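Working notes for the structure below.
The values are calculated or read from the model by the stated rules, or taken from the named source; none is laboratory data. None of the values given here were measured: they were computed from a predicted structure. So basically every Cβ, Gly included, is an ideal-geometry build from the backbone, and we count neighbours across all protein chains shown. Accessible surface areas use protein heavy atoms only, side chains included; no ligands, DNA or RNA. Shrake-Rupley method; radii C 1.70, N 1.55, O 1.52, S 1.80 Å.
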Amino acid sequence: MNLTSLKTGKLKKRYSDIFLSFIIASVFIFAYHLDNSKTQKSEESQAVKGVTNRFGFNLDSFYIQENIIQKNEVFGSIMSNAGLTSNLIMLIEHEAKDIFNIRNIQTGAKYHVIKRHECDETPVAIVYEPNKYKYLVCDLRNEVKVNLIEKNIEVCEQIVNGTIESSLWKSLEKEGVNPSVIDLMEEALSSSVDFYHTQKGDQFKLIFENKYIDGELIGMGRLLAASYNNDNGANYAILYKSKDYEGYFDAEGRPARKSFLKAPVKFSRISSNYNLRRFHPIKGKTIPHLGTDYAAPYGTEIRSVADGVVTDATYGSGNGYFVKVKHNNIYQTQYLHMSRFAKGIRKGTRVKQGQTIGYVGSTGLSTGPHVCFRFWKNGRQVNHLNEKLPLAQPMNMSELPTYFEFRDKVLDKLNEVSLPLHDVAVSKP
Ligand SMILES: [Zn+2]
């Protein structure tokens, strides 16, 4: 099995593990374009909507023939097949040299031959589309001009509103909602909602970004806000950014995420628990296992579980490549057996919660790819799964008025879509 399929398999398994108990009666999907989204209608998007212009050429006056680059085709042969002289091809190569390497054209990518009339021998332009984000126009009218055009990415917000009655993961998938939104929701609300124990009737609303090019959905952006109603009332996570703060906050301005992440790798499984009487597979005797092992494929990103400063990024004969992070005067965490460190990770580097600090490997005394995660409290290694960890630092009082103003706008947006049973009420201080 290759790494990609392994990862996908794990991901699906994990969602089904977590959300098997989820029950959904209905998922109402509302998508709308907001005035403040980073949207500007380009010539490009008009063309696709059947208007008049493509790649800057008026379709009333030009004929565009679309082609796919075949195996072993190179830029020169395409150009010459399109009717260009070798002189012209050299001119194009010269004009393109600072903006695009035309020797790198990809099999399977599209190119377009643009003529005044279908039966013309020579084109007025050739357009190469390496991917959906950009295209290269070789304009041959008058003098040769080569331009690389980046397409506009249109960001639209989508609101999903649902009540738990069957598998959330399945319902969202059926509605065409990107399932990674579940993961984002779980992380954003990790300090207030226990997603392992959801109840029938729990309700949620999510606002997240979808990215479009030429009207085609190309992926998901950020999760902007989440609300989750359960027995404990309404729980919120609102994405907020200012000079001093960045992240998810609850309705009162407290961090909505936990001060420590549950695991240093996503989509992993615990392969060996913290155990003071473990039989060591390599040394062949009972040796306390003072960490928690997370098995994950080679190269999986290892993330720091909390903000902190790197105190070690080095090699030890047993530990292999490892990183140690100091979070405060009480807690330190250590990540062993890495294949390599992430870029810029060395002694003294400041890291944020969730930041990639290295990659899964099997260096040192290790039988397979995994991270041995060690949790230090006051200089002693403890089982982090048994620790009652401190709450994250609340937002500064001086920041709160600005935050509340922002929060109210987000809540208004969330409340535009009313929940089927009862509305969400938030106490404003
Ligand atoms: Zn271990």
Residues Ser304, Ser317: which one is small (Gly, Ala, Ser) and open to solvent by 50 Å² or more (accessible area, probe 1.4 Å)?
Ser317
Being closer than 30 Å to Phe404 by Cβ and open to solvent by 20 Å² or more (accessible area, probe 1.4 Å) is the requirement here; does Tyr248 meet it?
yes
Subset of the stretch 353-382, residues over 27 Å from the mean Cα position of the chain (by Cα) and among the β-branched types (Val, Ile, Thr), comes to Thr363, Thr367, Val382
Ile69 meets each of (1) out of contact with any helix residue (DSSP H, G or I) (no Cβ under 8 Å at 6 or more places or on another chain); (2) of a type outside the set (Ser, Thr, Tyr); (3) closer than 14 Å to Leu136 by Cβ with one exception, condition (1)
Residues of the stretch 351-368 being assigned to a strand (DSSP E or B), of a type outside the set (A, V, I, L, M, F, W, C) and within 16 Å of the ligand (Cβ to nearest atom), which ones?
Gly358, Gly361
Condition (residue is closer than 30 Å to Arg269 by Cβ and assigned to a helix (DSSP H, G or I)) applied to the stretch 378-385: is it met by at least one residue?
yes
Ser339 among the hydroxyl-bearing types (Ser, Thr, Tyr) and modelled with pLDDT under 95
no
From the set of residues in the stretch 369-422 that are of a type in the set (Val, Ile, Thr) and under 24 Å from Phe204 (Cβ atoms), which is farthest from the ligand (Cβ to nearest atom)?
Val417
Tell me, which strands (runs of 3 or more DSSP E) lie completely within the stretch 258-341 with 3 or more residues that are closer than 27 Å to Ser191 by Cα and within 16 Å of the ligand (Cβ to nearest atom)?
269-272, 292-295, 331-341
Go through (1) in contact with a Gly (Cβ under 7 Å, 6 or more places away or on another chain); (2) free of Cβ contacts under 8 Å to residues at least 24 places away in the same chain one by one and return the number of the condition Arg380 breaks.
(1)
In the set Gly108, Gly76, Gly56, which member is within 25 Å of Asp214 (Cα to Cα) and touching a helix residue (DSSP H, G or I) at 6+ places or on another chain (Cβ under 9 Å)?
Gly56
Which condition number in (1) under 30 Å from Gly221 (Cβ atoms); (2) outside the structural domain of Pro179 (by TED's automatic domain parsing); (3) assigned to a strand (DSSP E or B) is the one that Gln106 fails?
(3)
Considering Lys326, Lys352, Lys343, which residue is assigned by TED's automatic domain parsing to the domain that holds Arg380, without any contact (Cβ under 8 Å) to a residue 40 or more places away in the chain and out of contact with any strand residue (DSSP E or B) (no Cβ under 6 Å at 6 or more places or on another chain)?
Lys343
